[in-house]
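Everything below concerns the one structure shown next.
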Amino acid sequence: MRVGLYLLLLIIIGNLICNTLYVNLLKQYGVTFLSFADLFGSLVTVGYSQFFLQEPITWCYGVSLIMIFCCLILLYGQEKF
């Protein structure tokens, strides 16, 4: 019974709130920028794995964070003008 309630909350939050936010962000930013910004989800997962599972964060994560951040700046700069 509890799992069904959590599943219903997940569906409501995922579909209503997040998709509405995504559509509003599409009006302000471009599709390319938002699709590339979605890569930050994997970096958030790294943070969760370090916090909950005490996994070490290696230099590879730092390099990927810098690369993603630089590409986002380049994409946003091109879409802005």
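With respect to Tyr48, is the statement that it is in contact (Cβ under 8 Å) with a residue 40 or more places away in the chain and either out of contact with any helix residue (DSSP H, G or I) (no Cβ under 8 Å at 6 or more places or on another chain) or aromatic (Phe, Trp, Tyr) (or both) true? Judged against the criteria, Tyr48 is not a match.
The helices (runs of 4 or more DSSP H) found entirely in the chain that carry 2 or more residues being open to solvent by 100 Å² or more (accessible area, probe 1.4 Å) and out of contact with any His (no Cβ under 7 Å at 6 or more places or on another chain) are 2-12, 19-28, 40-53, 59-80.
The values are calculated or read from the model by the stated rules, or taken from the named source; none is laboratory data. This structure is a prediction, so every number in the text was calculated from the model and none was measured. Cβ coordinates were reconstructed from backbone atoms using ideal geometry, including for glycine residues, and neighbour counts include every protein chain displayed. Only protein heavy atoms, including side chains, enter the accessible area calculation; ligands, DNA and RNA are left aside. Shrake-Rupley method; radii C 1.70, N 1.55, O 1.52, S 1.80 Å.
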